[in-house]
Amino acid sequence: VVAPGTTVTWTNADEDPHTIVANARAFRSVALDTEDRFSFTFTTPGDYAYFCSLHPHMTGRIIVRAR
């Protein structure tokens with residue numbers, strides 16, 4: 001759970017490439033190699049589910065709300 005205006009950074013610590021893709025298409029990274037990073041600033045409150053388009057079973061969620 002983060003406040004509006006928060007920038008979240010994902011880092012690929014795996015040997016395989018991964019992507020970060022929002023289910024609702026709010027953001028999408030390119031394929032990230034080992035140690036590559038992707039950042040997105042969440043400005044609008046809501047529930048942001050995401051997945052890896054290369055490995056769709058890998059999922060996550062960011063909740064944005066005022067504290």
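The values are calculated or read from the model by the stated rules, or taken from the named source; none is laboratory data. Values in this document were obtained by computation on a predicted structure and should not be read as measured data. Cβ sites come from the backbone with ideal geometry, for glycine too, and all protein chains shown count toward neighbours. Just the protein is used for accessible areas: all its heavy atoms, side chains included, with ligands, DNA and RNA removed. Shrake-Rupley method; radii C 1.70, N 1.55, O 1.52, S 1.80 Å.
Odds and ends about this structure:
- Here Thr7 passes the criteria (1) surrounded by fewer than 12 Cβ atoms within 10 Å (Cβ to Cβ); (2) part of a loop (DSSP other than H, G, I, E, B) except the one numbered (2).
- Top-ranked residue in region 43-59 [being farther than 18 Å from Ala3 by Cβ and outside any strand (DSSP E or B); ranked as least open to solvent (accessible area, probe 1.4 Å)]: Cys52
- Region 10-35, subset in contact (Cβ under 8 Å) with a residue 24 or more places away in the chain, open to solvent by 60 Å² or more (accessible area, probe 1.4 Å) and more than 11 Å from the chain's Cα centre (by Cα), residue nearest to His57 (Cα to Cα): Asp16
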